[in-house]
Each structure stands twice: as structure tokens, then as C-alpha cells.
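One structure is given here, and the rest of the page talks about it.
What follows draws every value from the coordinates through simple rules; no lab data is involved. Treat the numbers as computed from the prediction; the structure is a model and nothing was measured. Cβ sites come from the backbone with ideal geometry, for glycine too, and all protein chains shown count toward neighbours.
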Amino acid sequence: MNNKFLGYIFIIGTAFFTAFSYIFGKKVSETLFPEVVAFYWFLGAFIVAVFKRVIFTAIGTNFRVPLNDLGKYKKIMIISSIVTVFGAASWVIALRLIGPPATSFLMKFQVLFSVVLGVLFLGERLGRMETAGIILTIFGGALITYDSSVLEIKGSIFAISAAFFYSILFILVKKIGKDLNMMMVATLRSMGVVIIGFLYLFFSGKFQIPTFYDFSMMLLGGTCGAYIGKAFQFQAIKLVDVSRTTAITPLEAVFVVYLSYIFFETIPEPIKLVGGLLIILGVFVLLIFRKETID
């Protein structure tokens with residue numbers, strides 16, 4: 001199968017599973033600190049990853065990574081975990097302040113950041129139509145934040161901040177993890193976030209024990225978004241360039257809007273919906289006209 005086609009299949013899977021993570025994240029009680037949610041979110045992802053690894057090992061698949069190769073994952077584990085902590089906490093705050101649809105729309109600023117970072121660090125070039133796509137994306141973001149309350153503007157800033165951190169994460173994976181097993185990268189990333197999160201919560205005195213319901217929502221959300229979704233996206237990054245990988249993720253926003261209506265019976269305000277559609281249009285322009293300049 002063509003590598004690029006397979007890469008887009010992984011990206012669609014990323015959008016689908018990540019959309020469900022927005023729904024589960026919104027269902028978590030707001031009495032929990034964002035840092036606590038991030039900790040249990042990735043704890044759930046790590047538990048599922050370990051459980052899955054045990055099953056795969058038992059049936060003799062190639063998921064296993066030789067112990068003497070684990071040293072190759074040390075750098076990507078440490079850096080990706082630190083970046084993820086900031087991105088995840090910002091995402092949780094945005095989700096609470098502006099809801100799943102608006103957060104998902106603004107998270108598409110990953111496209112803008114990834115293109116800029118790709119130009120700066122990966123030797124990619126920027127064309128006229130890509131510039132037009134960036135302008136549409138920025139204009140769409142402006143419409144989403146237009147006539148918003150102070151809290152909504154704050155939530156929008158956190159959503160865009162989360163997009164920035166995750167863009168850095170994808171660039172790092174592209175640069176460092178090119179020849180690594182992406183399922184192992186996703187597993188070690190989850191483990192790193194759990195370790196960092198536990199140390200922070202313990203020493204800051206913010207550690208909280210969630211209810212069974214909240215833990216279940218975080219377990220499901222972490223499994224869908226932090227483990228399956230990101231493993232698919234990391235794998236896609238190996239097959240296509242970073243900006244194309246992030247450009248097709250507007251599908252995630254479409255899934256999120258639909259699922260928000262199904263689970264919460266909410267629809268974004270018309271101006272925010274128009275802004276979101278412009279963001280989607282902008283990133284599709286980037287998708288269509290993006291030219292790969294690196295292997």
C-alpha cells in the first residue's frame with residue numbers, strides 16, 4: 001500500500017479517536033484541577049498501553065521492542081512528556097471555558113504553527129496559496145473570539161497555546177522519532193507525563209482522588225486521545241510531512257461538533273461556526289497546495 005495513502009488513513013483515525021476525547025474530557029468534573037485531569041488522563045492511556053502490550057506479547061506479535069533498543073527512546077520520551085504536560089493542561093482549561101467545538105476549531109492552529117515551524121526547522125517552503133490558507137485560518141480564529149467574554153477569550157488563548165505545544169511535539173517526533181516504533185513512543189510519552197504529573201501534584205499539594213465516574217471518563221478519554229489518537233498521528237508523521245499531517249485534522253472538528261450535539265445537544269453560535277468553517281477551509285487550502293520538500 002502507498003505510504004502516503006496509509007498515512008492519511010492514520011490521520012483519519014487520529015481525528016476520529018481524538019474527537020471522542022473531547023467528549024469524555026468535557027464530562028469530567030470541573031472540581032478537579034486541570035493538572036489532575038492531565039495526570040489521570042495519561043495514567044489511563046498508560047494502563048491501556050501496558051495491558052495491550054501484555055496481550056500482544058502473549059500472542060507473539062512484533063509490537064515488542066528489544067530492551068537494548070529502549071535507549072533510543074530516552075530523548076523523545078523526556079522532551080515529548082514535558083511538552084505534552086503544558087499542552088494537555090492548556091487543553092483541559094480551554095475545554096472547560098469554551099467547550100469542545102470552539103476548542104477543537106482553535107486547536108487547528110496547529111496547522112499554522114506546524115507550517116511555520118516546518119519552514120523554520122525542516123526546510124519546507126511556503127507558497128502563495130499556503131499563505132492564503134494561513135490568512136483564512138487566522139481570520140476564522142478572529143471570528144470565533146469576536147464579541148466574546150473575558151473568560152471565553154482566556155479559554156481561546158489556552159486553546160491556541162495547546163495547539164502551539166502540540167505543534168512543537170509533532171516537529172520533535174518528526175525530527176527525533178523517524179525510525180522508532182510509534183506505539184512505543186506513545187506509551188513512553190504517557191508514562192513520562194504520569195511521572196512528571198505525579199511529582200508535580202505531590203509536591204504542590206494538589207493531588208486529588210477522582211470519583212469512579214470521573215476516572216472512567218479520563219480512562220476512556222486518555223485511551224482515545226492520548227494513546228490511540230496520538231499513536232496514529234505519530235505513525236502518520238513518519239509517512240507524510242508534518243504540515244500535511246496536521247492539515248487534514250479539521251475532520252476532528254467536524255466529528256467534535258457532531259458528537260457535541262449528540263451528547264450535549266449543543267451547537268456553536270453562528271459566528272463561531274462560520275469562524276470554524278473558515279479555519280477548516282484554510283487548512284484544506286494548506287492540504288491541497290502544500291508541497292513536500294523533504295523526505
Estimated vicinal HN-Hα couplings, Hz - segment 148-160 in sequence order (Karplus 6.51, -1.76, 1.60; Gly, Pro = x): 9, 6, 4, 5, 5, 5, 4, x, 5, 4, 5, 5, 5
If I model a spin label at Phe198 and Ala132 as a point 7 Å from the Cα along the Cα→Cβ vector, what separation in nanometres do I get? 5.3
Compute log10 of I(q)/I(0) for segment 73-150 with the Debye formula, placing one identical point scatterer on every Cα and leaving out solvent, at q = 0.12, 0.26 Å⁻¹, to two decimals. -0.48, -1.18
Table column - 3J(HN,Hα) (Hz), segment 125-130, Karplus curve with 6.51, -1.76, 1.60, x for Gly and Pro: 10, 10, x, 5, 5, 5
Give me Phe51, Phe198, Phe165 sorted ascending by neighbouring Cβ count inside 10 Å, so fewest comes first. Phe51, Phe198, Phe165
Could you give the length gained on full extension between Ile47 and Lys175, defined as 0.36 nm per residue of separation minus the Cα-Cα distance, in nm? 43.3 nm
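Could you list Val119, Val83, Val256 so that the one with the fewest beta carbons within 10 Å of its beta carbon is first and the one with the most is last? The partial results should precede the final answer.
Values: Val119 15, Val83 21, Val256 27.
Listing Val119, Val83, Val256 from fewest to most nearby Cβ atoms yields Val119, Val83, Val256.
Would you kindly state how much longer the chain becomes between Tyr261 and Phe139 on full extension, computed as 0.36 nm times their sequence separation minus their alpha carbon distance, in nm to one decimal?
Working it through step by step, the gained length comes to 41.4 nm.
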Report, in cubic angstrom per residue, the convex hull volume of the C-alpha atoms of segment 125-241. 155
